[in-house]
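Chemist: Have a look at this one before I ask anything.
The values are calculated or read from the model by the stated rules, or taken from the named source; none is laboratory data. Not measured: the values here are computed from a predicted model. So basically every Cβ, Gly included, is an ideal-geometry build from the backbone, and we count neighbours across all protein chains shown.
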Amino acid sequence: MLICRSVTGIPGLVWLCALLFVQVGAARAQQQSFGEWGLACQALGPGQTRCALFQRVLRDGNTLVLEAQVLGLETGADQALAITTPLGVWLEAGVTIRIDGGEAVSQSFQTCATRGCIARFEAPELLSQLDAGSEVAITYATGREETQRVSLTLSLIGIREGVAAIRQANQ
């Protein structure tokens, strides 16, 4: 299932798309969405599954502009918001998030791989802030200058329901 909505204010970016996929066991798949967020689960072994809520921003149909993943939703796991950007970002600038216009929080990139560069935000209260919020603004710089910024706003609608579904499945 592909859910798309129009995005304004970013040249060349026409649609925000979230590819929704949940793998149940090794043999069958089912799709789920929670508001603007997709749910992806991966079987790690017998009785072990890791799930993430995610939202992707794509340009020209398949070029990644940004992916946000809410991780660690299983009971007892460390919760985080992982932001993946395309390669070619200005690493020194890192990524900044701001939930509902609140305080801006910046994080350095931890790693870059073929898929892109990743910054991971971890805080005990992060999930409750995402759950209570309506949107998260995400900013990163491209090229070699901090002035070349990409700023996107993602909806947080569906976070609460997605977290509840993951926790219920892990009981």
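Chemist: For region 100-137, give me the residue count where each residue is assigned to a loop (DSSP other than H, G, I, E, B) and of a type in the set (S, T, Y). Quick ask: steps written out before the conclusion?
Modeler: Taking region 100-137 as the starting set, the residues that turn out to be assigned to a loop (DSSP other than H, G, I, E, B) are 100-104, 108-110, 114-115, 123-125, 133-134.
Subset that is of a type in the set (S, T, Y): 108, 114, 134.
The total comes to 3.
Chemist: Another one. Quick check on region 111-124. Is at least one of its residues closer than 17 Å to S155 by Cβ and not hydroxyl-bearing (S, T, Y)?
Modeler: No, because not a single residue in region 111-124 is closer than 17 Å to S155 by Cβ and not hydroxyl-bearing (S, T, Y).
Chemist: Could you check how many residues of region 95-115 are out of contact with any Gly (no Cβ under 9 Å at 6 or more places or on another chain), farther than 12 Å from V136 by Cα and not charged (D, E, K, R)?
Modeler: Count: 6.
Chemist: Residues in region 33-60 that are farther than 20 Å from A82 by Cα and either of a type in the set (D, E) or surrounded by 16 or more Cβ atoms within 10 Å (Cβ to Cβ) (or both): how many?
Modeler: The total comes to 1.
Chemist: Starting from region 153-171, keep only residues that are modelled with pLDDT under 90, then list their pairs with residues that are assigned to a strand (DSSP E or B) whose Cβ atoms are within a distance under 6 Å, requiring at least 6 positions of separation or different chains.
Modeler: G162/F34; G162/W37; G162/L39; G162/L53; I166/C51
Chemist: Please specify each residue of region 79-118 satisfying the condition of being free of Cβ contacts under 8 Å to residues at least 24 places away in the same chain and touching a Lys or Arg at 6+ places or on another chain (Cβ under 6 Å).
Modeler: Selection gives A104, Q110.
Chemist: Pick from A43, A82: which is assigned to a strand (DSSP E or B), modelled with pLDDT under 90 and among the small types (G, A, S)?
Modeler: Residue meeting the stated conditions: A43.
Chemist: Output yes when any residue across region 92-110 is surrounded by 16 or more Cβ atoms within 10 Å (Cβ to Cβ) and closer than 24 Å to A169 by Cβ, and no when none is.
Modeler: No, there is no match, as no residue in region 92-110 is surrounded by 16 or more Cβ atoms within 10 Å (Cβ to Cβ) and closer than 24 Å to A169 by Cβ.
Chemist: Run T63 past the list (1) surrounded by fewer than 12 Cβ atoms within 10 Å (Cβ to Cβ); (2) in contact (Cβ under 8 Å) with a residue 24 or more places away in the chain and report the number of the one that doesn't hold.
Modeler: In the conditions (1) surrounded by fewer than 12 Cβ atoms within 10 Å (Cβ to Cβ); (2) in contact (Cβ under 8 Å) with a residue 24 or more places away in the chain, T63 misses (2) alone.
Chemist: It is to be established whether one or more residues within region 76-91 are more than 29 Å from R167 (Cα to Cα), surrounded by 11 or more Cβ atoms within 10 Å (Cβ to Cβ) and of a type outside the set (A, V, I, L, M, F, W, C).
Modeler: Looking through region 76-91, at least one residue is more than 29 Å from R167 (Cα to Cα), surrounded by 11 or more Cβ atoms within 10 Å (Cβ to Cβ) and of a type outside the set (A, V, I, L, M, F, W, C).
Chemist: If you take the residues in region 122-166 that are of a type in the set (G, A, S) and in contact with a Lys or Arg (Cβ under 7 Å, 6 or more places away or on another chain), which one is surrounded by the most Cβ atoms within 10 Å (Cβ to Cβ)? It would help to see each step written out before you state the result.
Modeler: Looking only at region 122-166, we keep the residues that are of a type in the set (G, A, S), and these are 123, 128, 132-134, 137, 141, 143, 151, 155, 158, 162, 164-165.
The next check asks that each one be in contact with a Lys or Arg (Cβ under 7 Å, 6 or more places away or on another chain); those that pass are 137, 141.
Numbers: A137: 16, A141: 20.
Of everything passing the filter in region 122-166, A141 is surrounded by the most Cβ atoms within 10 Å (Cβ to Cβ).
Chemist: Count, please, the residues in region 46-79 that happen to be out of contact with any helix residue (DSSP H, G or I) (no Cβ under 9 Å at 6 or more places or on another chain), part of a strand (DSSP E or B) and of a type outside the set (S, T, N, Q).
Modeler: Of the residues in region 46-79, the ones out of contact with any helix residue (DSSP H, G or I) (no Cβ under 9 Å at 6 or more places or on another chain) are 46-48, 50, 54-69, 71, 76-78.
Filter once more, so that each one left must be part of a strand (DSSP E or B): 48, 50, 54-59, 63-69, 71.
Filter once more, keeping what is of a type outside the set (S, T, N, Q): 50, 54, 56-59, 64-68, 71.
Summing the residues that are out of contact with any helix residue (DSSP H, G or I) (no Cβ under 9 Å at 6 or more places or on another chain), part of a strand (DSSP E or B) and of a type outside the set (S, T, N, Q) in region 46-79 gives 12.
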